Amino acid sequence: MTSLAINNLSYTHPDETTPLLNKINYQFQPGTLTLIQGANGAGKSTLLRILAGLLAPLNGSITIDGLPLDQLTNAQRATKVGLLFQDATQQFTMATALEELTFTLQNLEVPWSAIPKRIKAAFPEPLGTWAQKKINQLSGGQQQQLALAISLATDADILLLDEPFANIDLTQRQALLDQLTRLKQQEHKTLILIEHDTSDLANYVDTALQLTTTGHLIQTQAALAKKPTLSFPPRYQEANGPLRWDNLTVAPYGQKLIKNSTFQIPQGTIGLLSGTNGSGKSTLFRVLIQQLKADQGSILWQDHRIPKHFERYVGAGFQHAIDQFVSLTLRDEIKISQQQNPHPTYWQADKLQAALADLQLTPLLDQSLYRLSGGQQKKAQLISLLILELPVLLLDEPFAGLDLASSTQFNRYMQAAVQKTQTSILLISHQRQGLANSIDYELVLHNQHLNLWHPEVQHDSARSI
């Protein structure tokens with residue numbers, strides 16, 4: 001089994017003086033699963049990039065089987081260490097899933113005769129059904145599954161997984177956990193995992209580490225969170241709201257995802273849109289904000305046609321926060337939001353300053369948004385959207401990449417938006433931890449139909465809409 005060691009490692013971002021990683025020493029046990037936790041911006045993803053050889057440490061070294069990582073060739077390194085990026089889209093260079101995997105295996109100098117077998121092993125169902133699809137036509141969850149399948153196909157001895165569960169549904173999450181268990185127990189792979197949602201990891205993790213805000217890596221005995229149960233309080237009532245869709249059918253790229261759906265988003269509520277990866281949740285959001293045209297039906301605003309400047313009424317939080325930004329710094333991003341909402345009802349200056357401090361964003365106001373961690377970018381995205389105080393907000397995976405404290409804060413901010421400004425929020429989230437006290441109703445997208453579920457309606461008798 002392959003050994004991996006961190007030796008007196010330190011790292012400081014360029015143009016900064018405070019070390020992000022500070023004199024870390026650690027020996028990973030081969031054939032185990034190690035969980036690394038820490039606050040957003042603590043340096044977890046940076047540490048994985050150093051372990052993969054993509055970043056050079058300021059001081060110290062990484063050794064694999066006693067050999068310095070920087071002395072291995074790229075091909076040797078790839079057979080030893082595989083990295084799954086936090087943002088799966090950063091991992092792709094080719095047009096289709098099949099081309100991407102073939103390209104990866106060729107770069108690893110896998111013999112041509114062995115490539116078909118490796119491809120077949122990497123693409124079990126449901127991956128095999130969309131191996132020929134364009135990657136940019138896959139859902140975020142499907143892209144995450146694809147990136148993981150390609151990482152596993154490299155057959156590296158050490159796998160570095162940066163939030164692999166962020167955008168995948170519960171069924172695929174369990175399948176991935178089972179797969180990681182097999183890799184660890186049967187193939188003796190060393191697995192290093194970053195994950196904020198630890199709700200079902202207690203029986204899988206061998207060692208839990210904490211990366212502190214001072215840059216130290218320490219072993220922790222902190223109990224992993226228990227698996228949440230989402231029990232909604234009986235708050236849902238059918239009510240009028242400004243945004244409605246009638247008899248909506250959506251079939252992008254010839255694949256029907258939503259059929260004959262009608263629903264009115266209730267005013268002053270928080271709803272959850274759920275469903276398996278690829279069922280069409282993000283596609284529905286794109287239709288609602290006019291990025292994609294419906295094949296049938298209509299979208300109405302206050303029972304009339306969509307008005308001009310629709311973005312002044314309906315805001316959308318994209319799955320990848322970096323796609324949202326129009327400025328270089330968070331200060332400028334917030335300034336643009338404030339210009340669009342010059343007379344806020346709730347998000348006045350004192351409330352905003354307190355929120356920025358609570359979210360640990362104040363020191364980052366003048367830093368480039370593109371140098372922030374994934375979690376910090378997500379916080380910047382959400383706060384910039386909330387202070388717009390729009391009548392409707394559609395949020396696609398708003399908690400992906402957030403630590404538990406930040407998720408809890410944003411739950412509070414969403415509830416305040418509903419109570420103080422009567423905003424209607426509909427969110428897509430596979431991470432249900434902490435949502436029980438926030439959600440008023442759930443829309444389940446299954447087999448092309450949206451079903452309304454709330455406390456007074458059981459799942460097996462949920463009403464189709």
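Structural remarks
- Entry remark, the range 95-111: residues being assigned to a helix (DSSP H, G or I), within 26 Å of ILE168 (Cα to Cα) and either free of Cβ contacts under 8 Å to residues at least 24 places away in the same chain or in contact with a strand residue (DSSP E or B) (Cβ under 7 Å, 6 or more places away or on another chain) (or both) number 3 in total.
- Residue check for PRO363: under 16 Å from ALA39 (Cβ atoms) and at pLDDT 90 or above: yes
- Pairs where the first residue, in the range 19-37, is more than 21 Å from ASP157 (Cα to Cα) and buried (at least 16 other Cβ atoms within 10 Å of the Cβ) and the second is modelled with pLDDT of 95 or more and charged (D, E, K, R), C-beta under 7 Å, 6+ apart: none
- From THR89, THR73, THR96, residue being buried (at least 16 other Cβ atoms within 10 Å of the Cβ), polar (S, T, N, Q) and modelled with pLDDT of 85 or more: THR96
- Residue match in the range 175-185 (condition: in a loop (DSSP other than H, G, I, E, B) and charged (D, E, K, R)): no
- Complete set of residues in the range 376-396 that are out of contact with any helix residue (DSSP H, G or I) (no Cβ under 7 Å at 6 or more places or on another chain) and not β-branched (Val, Ile, Thr): LEU385, LEU390, PRO391, LEU395
- Consider the range 384-413 and keep the residues that are among the aliphatic types (A, V, I, L, M) and farther than 15 Å from ARG432 by Cα. The one that is nearest to the chain's Cα centre (by Cα) is LEU394.
- The residues listed here are ASP178, ASP206, ASP155; of these, the one that is acidic (Asp, Glu), in the same structural domain as PHE28 (by TED's automatic domain parsing) and at pLDDT 90 or above is ASP206.
- The range 342-383, subset surrounded by fewer than 14 Cβ atoms within 10 Å (Cβ to Cβ) and in contact with a strand residue (DSSP E or B) (Cβ under 8 Å, 6 or more places away or on another chain), residue nearest to ASP396 (Cα to Cα): SER368
- GLY280, sole failed condition from (1) at pLDDT 90 or above; (2) at negative phi: (2)
- Only a single item in (1) out of contact with any Pro (no Cβ under 9 Å at 6 or more places or on another chain); (2) of a type in the set (S, T, N, Q); (3) closer than 23 Å to LYS44 by Cβ; (4) not in a helix (DSSP H, G or I) is not met by SER199, and it is number (1).
- Of note, GLN132 does not satisfy the criterion of being modelled with pLDDT under 85, assigned by TED's automatic domain parsing to the domain that holds ILE64 and assigned to a helix (DSSP H, G or I).
- Applying a threshold of 7 Å to beta carbon distances and a minimum spacing of six or more residues, or different chains, the list of pairs starting in the range 266-292 at a residue that is free of Cβ contacts under 8 Å to residues at least 60 places away in the same chain and ending at one that is part of a loop (DSSP other than H, G, I, E, B) and small (Gly, Ala, Ser) reads VAL287/ALA294.
- Looking across the range 288-339, the residues that are among the β-branched types (Val, Ile, Thr) and assigned to a loop (DSSP other than H, G, I, E, B) come down to ILE289, ILE306, VAL326.
- Output for the range 242-275, where each listed residue is buried (at least 20 other Cβ atoms within 10 Å of the Cβ) and polar (S, T, N, Q): SER261, THR269, SER274
- Listed by position, the strands (runs of 3 or more DSSP E) enclosed by the range 376-457 that each have at least 1 residues that are at pLDDT 90 or above and within 20 Å of ASP358 (Cβ to Cβ) are 392-396, 424-428.
- Search result, residues across the range 153-172 that are crowded, with 18+ Cβ neighbours inside 10 Å, assigned to a helix (DSSP H, G or I) and in contact (Cβ under 8 Å) with a residue 60 or more places away in the chain: GLN172
- Applying a threshold of 6 Å to beta carbon distances and a minimum spacing of six or more residues, or different chains, the list of pairs starting in the range 377-399 at a residue that is assigned by TED's automatic domain parsing to the domain that holds ASP87 and ending at one that is of a type outside the set (A, V, I, L, M, F, W, C) is empty.
- Taken as a whole, the structure leaves LYS335 outside the set of residues that are of a type outside the set (A, V, I, L, M, F, W, C), under 25 Å from the mean Cα position of the chain (by Cα), modelled with pLDDT of 95 or more and assigned by TED's automatic domain parsing to the domain that holds ALA405.
- Some residue of the range 11-20 being acidic (Asp, Glu) and under 22 Å from LYS379 (Cα atoms): yes
The values are calculated or read from the model by the stated rules, or taken from the named source; none is laboratory data. Since we're looking at a predicted model, the values are computed, not measured. Here Cβ is always computed from backbone atoms with ideal geometry, including for glycine, and neighbour counts include all displayed protein chains.
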